[in-house]
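A short write-up of the structure that comes next.
Read-outs throughout are calculated quantities, based only on the coordinates presented, and are distinct from any laboratory measurement. Given the structure is predicted, the values throughout are model-derived calculations rather than measurements. We place every Cβ from the backbone using ideal geometry, glycine too, and count neighbours over all the protein chains shown.
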Amino acid sequence: MIGRPTAAFSPGVVQGCSPLVIGFQNSSFGTDSLLYIWHFDDGSSSSFDSNPVHTFILPGGYRVSLAAYDAYGCFSDTATGQYWSIRILSQILNYRLINSAMDTIHYD
């Protein structure tokens, strides 16, 4: 019996200012060599790379997912598929946060 592959990955970072470039480390496993489908939830094309690098342009939250499949056409279980939430901050918000923090610093 051939088992289903298991999709697993981790992002290099999960939050930052736009544009944010993130490298994804694939740790999927299965009984044979695997192929991959990555979805970045930002309207871009899917990636089929093993360990993709993706740039998020617009601020917001994104749900990145990975599915793995083998030479027999067996897919990783989508119900327990691997997802990560990525949060992209705008430069304006980051500027305001830094300035607010600096306003509260007092020197004696």
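In segment 1-16, how many residues are assigned to a loop (DSSP other than H, G, I, E, B) and closer than 25 Å to Cys74 by Cβ?
The first filter runs over segment 1-16 and keeps only residues assigned to a loop (DSSP other than H, G, I, E, B), leaving 1-5, 7-8, 12-14.
Those still in the list that are closer than 25 Å to Cys74 by Cβ too: 1-5, 7-8.
So the answer is 7.
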Subject >> Checklist (1) surrounded by 15 or more Cβ atoms within 10 Å (Cβ to Cβ); (2) over 16 Å from Arg87 (Cα atoms) applied to His54, failing item >> reply: (2)
